[in-house]
Amino acid sequence: MKLEDVLRGLRERGLRLTRQRREIVRILYERLARGGHPTLDEIYREAKERMPRISLGTVYSTLKVLEKLGYIVAFQIGGKTHIDRSGLHVNIICEDSGEIREIADQELVNAFTKEGAKPLSIVVRARCQ
Ligand SMILES: [Zn+2]
């Protein structure tokens, strides 16, 4: 999903798009576009470099709205909240390096549906080889 579409969607749902919120969304989408799974803290740190007065609460609440509207999903691993693009796929997280890789295998995703589950996020803990 393009950044402009997300910003328009937020506006249409009545969210006041302050400069801080726009910047948070922009930082997040830049990272997601590069295939990243940024943590809440990483987004906060980057936002704070550009806008020193921003609060963690503003970052958190903006991400919560994006999640609620289905633009992003969040998952927790190792006590950290990672943000992920929407569009179901499998995230493989290496226990040793913390690296996150993705598999977009529709059959794997379908297997959940067959079991009557509609996953919001699929996270597999693994060891890289
Ligand atoms: Zn992912």
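Laboratory data are not the source of any read-out in this text; all were calculated from the coordinates shown. Being a predicted model, the structure only gives us computed values, none of them experimental. Here Cβ is always computed from backbone atoms with ideal geometry, including for glycine, and neighbour counts include all displayed protein chains.
Exposed loop sites were defined as GluC sites (Glu not before Pro) in DSSP loop states (anything but H, G, I, E or B) carrying at most 14 other C-beta atoms within 10 Å; in the chain the longest segment without such a site runs 1-94.
Among Y71, H37, I54, which residue has its Cα furthest toward the positive end of the charge dipole of the stretch 3-85, with +1 on Lys/Arg Cβ and -1 on Asp/Glu Cβ? It is I54, whose Cα lies furthest towards the positive end. Comparing R22, R11, R85 in a Gaussian network model of the chain where C-alpha atoms under 10 Å apart are linked, the largest mean-square fluctuation is found at R11. Helix 19-33 axis versus longest C-alpha principal axis of the chain: approximately 30°, rounded to the nearest ten. GNM remark for the chain: springs join alpha carbons under 10 Å apart, and the peak mean-square fluctuation among R21, R13, R101 falls on R13.
Just checking the listed ones, A74, A111, A33: in the Gaussian network model of the chain with Cα springs under 10 Å, the one fluctuating most is A111.
Contact order, relative form, for the chain: 19 percent (alpha carbon pairs under 8 Å, 6 or more residues apart, mean separation divided by residue count). Electrostatic bookkeeping for T81 treats Lys and Arg as +1 and Asp and Glu as -1; over the other residues with beta carbon under 13 Å from its beta carbon, the sum is -2.
Principal-axis analysis of the Cα atoms of the chain puts helix 56-68 at an angle of about 60° to the longest axis.
Annotation: average projected area of the chain is 9.0 square nanometres, based on the convex hull of Cα atoms across all directions. Calculated mean residue ellipticity at 222 nm for the chain: -14000 deg cm²/dmol, from DSSP H runs with n ≥ 4 weighted as -39500 (n - 2.57), summed, divided by the residue count and rounded to 500.
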